[in-house]
Amino acid sequence: MKKIAFFDAKPYDKPSFEAYGKRYGFDFTFFEAKLNEDTVSLTQGFDGVCVFVNDTVNAAVIERLYGYGIRVVALRCAGFNQVDLAAADGRITVLRVPAYSPYAVAEHAMAMLLTSIRRIHKAYIRTRDFNFSLNGMTGFDLHGKTVGVIGTGRIGRVFIDICRGFGMNVIAYDKYPADDPSIRYVTLDELFAASDIISLHCPLTEETYHLIDRNTLSKLKKGVVIVNTSRGALVDADALLDGIKERKIGAACLDVYEEESEWFFSDYSGHIVADDVLARLISMPNVIVTSHQAFLTEEALDNIAETTVGNLRAFFDGDVLQNEVRLHAAGV
């Protein structure tokens with residue numbers, strides 16, 4: 001039975017991974033700690049490691065893993081920006097889950113958007129206090145509005161379908177357009193200028209880092225709504241905050257944040273949050289922040305576990321690795 005060190009483990013991770021591990025001959029040891037240079041020593045004696053979005057698999061960690069005889073890192077997520085692929089190249093195989101439930105993420109993006117523009121979160125708080133006033137609760141129709149979708153992979157295309165159901169005008173940008181003639185592709189600048197709502201569904205790369213920044217703000221419609229359920233660093237948080245204070249950005253729906261690894265997935269309700277930008281964003285009446293939970297459905301958790309264990313089985317059995325992340329194929 002192969003032993004796998006599972007980092008950044010949460011209670012909702014364990015049932016699916018334990019079930020698939022038992023079924024296919026893997027022994028998962030769950031560590032609450034994130035994988036980084038301080039915790040990598042915990043991997044001694046294991047055959048592989050399983051990590052999530054906020055674990056650190058940099059060159060130093062990879063060197064230690066390789067020294068311990070570990071030859072596989074299984075990501076239980078789609079993104080791989082937390083891994084130094086150059087350092088892993090030729091030494092450690094990196095596997096990922098390219099799709100687990102595009103519906104989960106796309107539906108969460110729409111849920112955040114609807115909550116924001118129809119003030120659902122504010123109504124919930126008011127009525128809990130028996131305040132039934134409608135003052136300050138005016139929203140706007142999605143029907144007829146233009147939504148710009150950046151990234152048209154599986155999640156982006158599901159989000160487009162949802163938007164069409166609301167009668168929205170959809171435009172899109174992707175460096176690698178989907179083979180779908182129904183999607184109207186435009187340039188980024190055209191998307192920025194025309195969109196009432198912008199939703200991000202692209203991976204984080206050197207090209208997409210701070211895709212929304214101070215330069216971008218000058219190109220946006222006044223009052224635009226920004227939705228990000230992809231990767232935090234697609235948006236320059238400082239620039240976003242300035243845009244909100246200047247009334248350029250009408251609202252922001254953020255399931256991710258560029259410094260989230262310090263805060264997300266943990267309870268800091270009894271602590272003072274030292275991240276001034278995050279604290280200011282959360283305090284804004286037109287900002288909704290959820291803690292990277294767009295993926296969190298029963299279906300997605302099961303699919304993540306099944307695919308991750310399947311990736312590990314393929315590696316140890318010497319089968320074709322359909323979900324391997326390779327240096328040059330990733331464009332690094």
Notebook entry, point to check: Using the heavy atoms of the protein chains alone and a 1.4 angstrom probe, what is the accessible area of the chain per residue in square angstrom?
Noted result: 49 Å²
Notebook entry, point to check: By how many nm would the segment from Tyr185 to Leu321 lengthen if fully extended, with 0.36 nm per residue of separation less the alpha-carbon distance?
Noted result: 45.7 nm
Next item on the list: For the chain, give the share of DSSP beta bridges that are antiparallel, in percent and rounded to the nearest 5; count only bridges with both residues there.
Entry: 5 percent
Notebook entry, point to check: Given the Cα-Cα distance of Leu42 and Tyr66 and 0.36 nm per residue of separation, how much length would full extension add, in nm?
Noted result: 7.3 nm
Notebook entry, point to check: Under the classification rounded if a/c is under 1.5, otherwise prolate if a/b is larger than b/c and oblate if not, where does region 213-304 fall, given a ≥ b ≥ c as square roots of the Cα gyration tensor eigenvalues?
Noted result: oblate
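In whole percent, how big is the carbon plus sulfur part of the accessible area of the chain, probe 1.4 Å, protein atoms only?
For the chain, the apolar C and S fraction of the accessible surface comes to 49 percent.
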Checklist line | lysines with Cα under 19 Å of Lys2, excluding same-chain neighbours fewer than 8 positions away | finding: Lys14, Lys22
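Show that you can apply the helix-only estimate: for the chain, add -39,500 (n - 2.57) for every DSSP H stretch of four or more residues, divide by all residues, and state [θ] at 222 nm to the nearest 500.
One gets -9500 deg cm²/dmol as the mean residue ellipticity at 222 nm.
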Margin query: If exposed means no more than 16 neighbouring beta carbons inside 10 Å and the site is in a DSSP loop, what's the longest run of the chain without any exposed GluC sites (Glu not before Pro)?
Written below: 38-205
Check: In the chain, with Lys and Arg counted as +1 and Asp and Glu as -1 at Cβ, which of these residues, Leu241, Gly153, Asn131, has the Cα nearest the positive end of the dipole, that is, farthest along it?
Finding: Asn131
Item checked: region 9-62: chymotrypsin sites (Phe, Trp or Tyr not before Pro) in DSSP loop, at most 12 other beta carbons within 10 Å -> Tyr12
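Filter Lys10/Lys245; Lys122/Lys222; Lys145/Lys245; Lys10/Lys222; Lys10/Lys145; Lys175/Lys222 down to the pairs with a C-alpha to C-alpha distance above 30 Å, please.
Lys10/Lys245; Lys10/Lys222; Lys10/Lys145
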Notebook entry, point to check: Going through region 167-210, which chymotrypsin sites (Phe, Trp or Tyr not before Pro) have at most 15 other Cβ atoms within 10 Å and a DSSP loop state?
Noted result: Tyr209
Notebook entry, point to check: For region 60-136, which chymotrypsin sites (Phe, Trp or Tyr not before Pro) are both in a DSSP coil and crowded by at most 11 other Cβ atoms within 10 Å?
Noted result: Phe130, Phe132
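The values are calculated or read from the model by the stated rules, or taken from the named source; none is laboratory data. Every value quoted in this text rests on a predicted model; they were computed, and no experiment measured them. For neighbour counting, all protein chains shown are included, and Cβ atoms are generated from backbone atoms with ideal geometry for every residue, glycine included. Each accessible area value is taken on the protein alone, full model and side chains, heavy atoms only, with ligands, DNA and RNA left out. Shrake-Rupley method; radii C 1.70, N 1.55, O 1.52, S 1.80 Å.
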